[in-house]
1. Report every pair of residues separated by at least 6 positions or lying on different chains whose Cβ atoms are under 6 Å apart, first residue within segment 99-124 and under 30 Å from Arg27 (Cβ atoms), second part of a loop (DSSP other than H, G, I, E, B).
2. Among the residues of segment 20-48, what is the count of those that are without any contact (Cβ under 8 Å) to a residue 60 or more places away in the chain and either small (Gly, Ala, Ser) or not in a helix (DSSP H, G or I) (or both)?
3. Spot the failing condition for Glu167; the list is (1) within 16 Å of ligand 2 (Cβ to nearest atom); (2) among the acidic types (Asp, Glu); (3) free of Cβ contacts under 8 Å to residues at least 24 places away in the same chain, and only one is missed.
4. Under 8 Å between Cβ atoms, which residue pairs at least 6 apart in sequence (or on different chains) link something in segment 49-78 that is more than 20 Å from Asp25 (Cβ to Cβ) with a partner that is modelled with pLDDT of 95 or more and among the aromatic types (Phe, Trp, Tyr)?
5. Filter segment 70-105 down to the residues that are within 13 Å of ligand 1 (Cβ to nearest atom) and among the basic types (Lys, Arg), then identify the one that is surrounded by the fewest Cβ atoms within 10 Å (Cβ to Cβ).
Amino acid sequence: MALLEIIEYPDKRLRLASKPVETIDARIRRLAADMAETMYAAPGIGLAAIQVGEPLRLIVCDVHAEGEDAKLLTVINPEIVATEGEVAMEEGCLSLPGIFEEVRRFAKVGVDYLDLDGERRHIDAEGLLAVCLQHEIDHLDGKVIFDRLSSLKRKLAVRRLERFKAEREAKEASAQKNA
Ligand code: K1U
Ligand code: ZN
């Protein structure tokens, strides 16, 4: 297994509409395993293939609570087929480091998808899993959480992201100089 590089905003690839997975073969299983390892290492609770530069409709997520066993969900070619209610939750994004914003989404979603054996599956999700699935499906459609904010909040969040990345670069440069 391997850790993959997570691409960050404003990388244009985050704006691509990802293509359906046509064949679930060894390459896809390897990619899914590498994505899971990358998500756990980040750490994060979800990851879409485009975040590691692969424009495919493939997602991993795991929203298990602290103290519980890991519960990895690999979702291929997801379709939201049912929605209910509304919820506002603070979300992070591994492609927008340092950004946490409240986003309004459906409270419950029903999602059809394929698993890694190519079997058709359905999941009815609520709470954090429902939010995480919607966040990841947004990535598959070329959307990030900035697109769900008002224009003012979006401007402020982009500025905060730029500041975060500049400070991170400065810290890295200083650490290299002192090494
Ligand atoms: O897709 C991504 O960018 C991953 C993102 C998913 C997500 C987070 C919050 C709400 C909806 C979707 C993350 O995992 S950000 C990191 C994060 O949430 C986290 C990190 C450490 C511990 C617990 C959560
Ligand atoms: Zn994200």
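The values are calculated or read from the model by the stated rules, or taken from the named source; none is laboratory data. A quick note: this is a predicted structure, and the numbers were derived from the prediction, not measured. For neighbour counting, all protein chains shown are included, and Cβ atoms are generated from backbone atoms with ideal geometry for every residue, glycine included.
1. What qualifies is Gly118/Ile24; Arg121/Asp115.
2. Of the residues in segment 20-48, the ones without any contact (Cβ under 8 Å) to a residue 60 or more places away in the chain are 20, 22-23, 25-27, 30-31, 33-44.
Still in the list and also either small (Gly, Ala, Ser) or not in a helix (DSSP H, G or I) (or both): 20, 22-23, 25-26, 33, 36, 41-44.
Of the residues in segment 20-48, 11 are without any contact (Cβ under 8 Å) to a residue 60 or more places away in the chain and either small (Gly, Ala, Ser) or not in a helix (DSSP H, G or I) (or both).
3. (1)
4. Asp62/Tyr40; Ala70/Tyr40
5. Arg104
Residues checked against (1) within 11 Å of ligand 2 (Cβ to nearest atom); (2) within 16 Å of Leu128 (Cβ to Cβ); (3) assigned to a loop (DSSP other than H, G, I, E, B):
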site	(1), (2), (3)
Gln51	yes, no, no
Val81	no, no, no
Glu91	yes, yes, no
Arg104	no, yes, no
Val111	no, yes, no
